[in-house]
Amino acid sequence: MAGRLIVVSNRIPEGPNPAGGLVVALKDAITEKNGTWIGAYGKPGEATDSFDELEGTPYRRLAFRLTAEEHSNYYLGFANSVLWPLCHRRVDLVELQPEYERDYLSVNRRLAAMILRILKPDDMLWIHDYHFLPLAQELRRLGVSNRIGFFLHIPFPSHADLSVLPQPETFAGWLADYNLVGLQTGADVARCLEMYRADPRAEFLPDGSVKFGMNILSVRSFPIGIDVDSFIESASRSAPSPFGREEPAKYIIGVDRLDYSKGIPNRFRAFGRFLENGGAEKRPCLVQIAPPTRERVKAYQDITRELEEIAGSLNGQFATLDWTPIRYIHRQIEREQLATLYRRASAALVTSLADGMNLVAKEFVAAQDPEDPGVLILSKFAGAAEQLTEALLVNPYDTDDIASAIDRALEMPLDERRRRHAFCMQAVRRTDVSLWSTQFLRVLERCMPTLNLPSSMGRGRYNLSAPPADLVAE
C-alpha cells in the first residue's frame, strides 16, 4: 500500500537516538512507510489541540501533553489502576473512580480529533496497548474509515474478570472498531474469542469469523520478540565484570520492572526455601534488578516495602561475612551491562504471575554462550512459555516448585543445558522482532476496509455505539 503508517503509543520515543524495545521493533517499518509516531511526552502541562513536532529521527514524531489531572486519572487511574490489574488477573487491585473513566475516554477523544487533522485517506494506523483501547471507536465516530490495527502488549483479560467493569460489554465494543487486533499468545486469542462468544451481539460464521455488526475484525496472535543478533553481539562483547572484584562465584539473575505482576515476592520466598533446603551450602547469589515504576500508585509502594522486608530478613538469616544471598538493586541498569550479567549468570528466574510475553526470558536465552549456557526458569503464566517450552517451567505461586527448579538448574549437566538452550534459541529466532512488525502490517494491509455505517449497538453508561464487526481468528 502507498499510504503512510501512523503509530500511536503511550510515550513518544524521545531524544535524537531513541532506544527501547518498541523503537527497535517499529523504526524500520515506520521509516520505510514515510511514517509518523504519535505519543505523549514530558511532564504534565497545559493540554492543547495540536501536536508538537520533535526533530532528529528519520521518521516524523508528533507529541502531545497530558494535563496533571489527565495524568492522574487517565494514566495512573484508569490505565494503570483499572486496566492493568484487570488484565493481569488482579481484580482485587482494581480501583473504580468516575473521574478515571471520564478522563480516559476524554483523552482518547481529544487524541482522535488531533489525529483526524493529519490523516490522509490511504494512511494506515497502528495503535499500541491498553491506554488507547477506545481510540478506534473515537476515530470511527469522526468518519475515519482507514485500516486501524491494535496490539495489546499485556495479557488479554479473562471473560470472568471483565465483569468487574461497570459496563463489561464496552470492552468488546472498543475492540470491534479495529480491523486487526494482535495479541501475544494463542491463549490470549482464545480469551478474546471467549468474550465474543459470550456476547449476544456476536454471531460466529462458518468460516470462523464473528458477525458483530458491520466491521470485519481479525484477531490473531503475533508473539513479540527481540532484536536477536543485536543482543547476541552485546552479550558476546568482551566486557569487564559489572560486579568488579565482588562477582559471586555462582548467581541467578532476575530482571523486572517493580510490578506486582512479576511475582518477585514469591521469587524471594522460593529462593529462601531453596537456601533452607540445603542450597545455602552452594553459596549462590540471587541478583534481582527491579527499577521503580508508577511510584505514585499505592500497590507499587506496597510491593517495594514487601521486597525490602523479605530481602532484609533472608540476608539477615543466611548472610556471612563474605557472602550475601540476595543483592536487590532498585534502579535501572544499562542494556550493555544487562547483556553481560545475563551471559555470566548460571540461571535466570522469570516468575511472572501473568505476563503478555516477557522479553527478559528471550534476552537471557539470546545472551548465553551456547557451549556453556545458563538455565532459564520460566513461569508457565508468562506468554513466552508458549514458545520456550524447554525452559524449566514453574508455577509462580508454588514456592517449593520454584525452589526445586533452582536446585535443578544449578545442578543440571552440560549436555542437558546445551540441548534446552538450543531449542529455546530456535524459538527466540523464530520470533525476532523484525518479523513481528512485518507480519502484523502484512495482515493489516489485507484486512477489509471499515464501513462507517450508523449503529445503535452497545449504548450504555459510556454512550458507546459499537459498529458491527466480523471477527476472524487464526
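The values are calculated or read from the model by the stated rules, or taken from the named source; none is laboratory data. All of these numbers come straight from a predicted model, not from anything done at the bench. Methodologically, a virtual Cβ is constructed for each residue, glycine included, from the backbone with ideal geometry; neighbour enumeration extends over all protein chains shown. The accessibility values were calculated without ligands, DNA or RNA, using every heavy atom of the protein model including side chains. Shrake-Rupley method; radii C 1.70, N 1.55, O 1.52, S 1.80 Å.
When the residues of region 177-222 are filtered to those that are of a type in the set (A, V, I, L, M) and at pLDDT below 90, which remaining residue is nearest to residue 134 (Cα to Cα)? I'd like the intermediate steps shown before the answer.
So in region 177-222, the residues of a type in the set (A, V, I, L, M) come out as 180-181, 183, 187, 189-190, 193, 195, 198, 202, 205, 210, 214, 216-217, 219.
Narrowing further to those that are at pLDDT below 90: 202, 205, 210, 214, 216-217.
Values: 202: 19, 205: 25, 210: 20, 214: 17, 216: 17, 217: 15 Å.
Restricting to residues being of a type in the set (A, V, I, L, M) and at pLDDT below 90, the top hit is 217.
Take the conditions among the charged types (D, E, K, R), more than 26 Å from residue 431 (Cα to Cα) and outside any loop (DSSP other than H, G, I, E, B) and apply them to residue 14. Does it pass? It is false that residue 14 is among the charged types (D, E, K, R), more than 26 Å from residue 431 (Cα to Cα) and outside any loop (DSSP other than H, G, I, E, B). Applying the set (1) surrounded by fewer than 20 Cβ atoms within 10 Å (Cβ to Cβ); (2) more than 23 Å from residue 410 (Cβ to Cβ) to residue 355 leaves exactly one unmet item: (1). Every condition in (1) open to solvent by 20 Å² or more (accessible area, probe 1.4 Å); (2) more than 21 Å from the chain's Cα centre (by Cα) holds for residue 144 except the one numbered (1).
Going by the conditions given, is residue 127 at pLDDT 95 or above, crowded, with 22+ Cβ neighbours inside 10 Å and outside any helix (DSSP H, G or I)? Break it down stepwise before answering.
Details: at pLDDT 95 or above: yes; crowded, with 22+ Cβ neighbours inside 10 Å: yes; outside any helix (DSSP H, G or I): yes.
For residue 127, the condition - at pLDDT 95 or above, crowded, with 22+ Cβ neighbours inside 10 Å and outside any helix (DSSP H, G or I) - is met.
Return a yes/no flag: does region 53-65 have any residue that is of a type outside the set (A, V, I, L, M, F, W, C), surrounded by 15 or more Cβ atoms within 10 Å (Cβ to Cβ) and touching a helix residue (DSSP H, G or I) at 6+ places or on another chain (Cβ under 6 Å). Within region 53-65, one or more residues are of a type outside the set (A, V, I, L, M, F, W, C), surrounded by 15 or more Cβ atoms within 10 Å (Cβ to Cβ) and touching a helix residue (DSSP H, G or I) at 6+ places or on another chain (Cβ under 6 Å). All conditions but one from (1) without any contact (Cβ under 8 Å) to a residue 60 or more places away in the chain; (2) more than 24 Å from residue 411 (Cα to Cα) apply to residue 268; the one that does not is (2). Just to be sure I understand, how many residues within region 426-451 are under 22 Å from residue 370 (Cβ atoms) and either open to solvent by 70 Å² or more (accessible area, probe 1.4 Å) or touching a Pro at 6+ places or on another chain (Cβ under 8 Å) (or both)? Within region 426-451, residues that are under 22 Å from residue 370 (Cβ atoms) and either open to solvent by 70 Å² or more (accessible area, probe 1.4 Å) or touching a Pro at 6+ places or on another chain (Cβ under 8 Å) (or both) number 5.
Do you know which residues across region 151-178 are part of a loop (DSSP other than H, G, I, E, B) and either aromatic (Phe, Trp, Tyr) or within 20 Å of the chain's Cα centre (by Cα) (or both)? Outline the logic, then answer.
Step one: list which residues in region 151-178 are part of a loop (DSSP other than H, G, I, E, B), which gives 152-158, 163-168, 176-178.
Result: 152, 153, 154, 155, 156, 157, 158, 178.
Here 201, 283 are screened, and the one residue that is open to solvent by 40 Å² or more (accessible area, probe 1.4 Å), within 30 Å of residue 441 (Cβ to Cβ) and in contact (Cβ under 8 Å) with a residue 12 or more places away in the chain is 201. Scanning region 147-173 for residues that are more than 19 Å from residue 5 (Cα to Cα), crowded, with 24+ Cβ neighbours inside 10 Å and at pLDDT 95 or above yields a total of 3.
In region 356-474, counting only helices (runs of 4 or more DSSP H) that sit wholly within it, the ones holding 3 or more residues that are of a type in the set (Val, Ile, Thr) and at pLDDT below 95 span 433-446. Just one of the listed residues (293, 304) is out of contact with any strand residue (DSSP E or B) (no Cβ under 9 Å at 6 or more places or on another chain), more than 23 Å from residue 374 (Cβ to Cβ), in a helix (DSSP H, G or I) and touching a residue at least 12 places away in the same chain (Cβ under 8 Å), and it is 304. The lone criterion from (1) more than 22 Å from the chain's Cα centre (by Cα); (2) of a type in the set (Gly, Ala, Ser); (3) crowded, with 19+ Cβ neighbours inside 10 Å left unmet by residue 50 is number (3). Does at least one position in region 15-23 carry a residue that is touching a strand residue (DSSP E or B) at 6+ places or on another chain (Cβ under 6 Å) and within 30 Å of residue 439 (Cβ to Cβ)? Scanning region 15-23, I find no residue that is touching a strand residue (DSSP E or B) at 6+ places or on another chain (Cβ under 6 Å) and within 30 Å of residue 439 (Cβ to Cβ), so the answer is no. Within region 246-256, not a single residue is at pLDDT below 90, open to solvent by less than 60 Å² (accessible area, probe 1.4 Å) and outside any loop (DSSP other than H, G, I, E, B).
Looking at the structure I just gave you, is residue 206 touching a Leu at 6+ places or on another chain (Cβ under 9 Å), surrounded by fewer than 20 Cβ atoms within 10 Å (Cβ to Cβ) and not in a strand (DSSP E or B)? So residue 206 fails the test.
Out of all the residues in region 257-278, which are on the phi < 0 side of the Ramachandran plot, in a loop (DSSP other than H, G, I, E, B) and open to solvent by less than 20 Å² (accessible area, probe 1.4 Å)?
Step one: list which residues in region 257-278 are on the phi < 0 side of the Ramachandran plot, which gives 257-262, 264-277.
Subset that is in a loop (DSSP other than H, G, I, E, B): 257-259, 277.
Listed by number, the residues that qualify are 258, 259.
Take region 83-116 and flag every residue that is without any contact (Cβ under 8 Å) to a residue 60 or more places away in the chain and either closer than 17 Å to residue 298 by Cβ or open to solvent by 50 Å² or more (accessible area, probe 1.4 Å) (or both).
Quick first cut of region 83-116, residues without any contact (Cβ under 8 Å) to a residue 60 or more places away in the chain only: 83, 92, 95, 97-100, 102-104, 106-109, 112, 116.
83, 92, 95, 97, 98, 99, 100, 102, 109, 116, listed by residue number.
Scanning region 130-150 for residues that are in a loop (DSSP other than H, G, I, E, B) and more than 17 Å from residue 216 (Cβ to Cβ) yields a total of 4. Among the residues of this structure, residue 391 counts as one that is surrounded by 21 or more Cβ atoms within 10 Å (Cβ to Cβ), within 19 Å of residue 432 (Cβ to Cβ) and touching a Cys at 6+ places or on another chain (Cβ under 7 Å).
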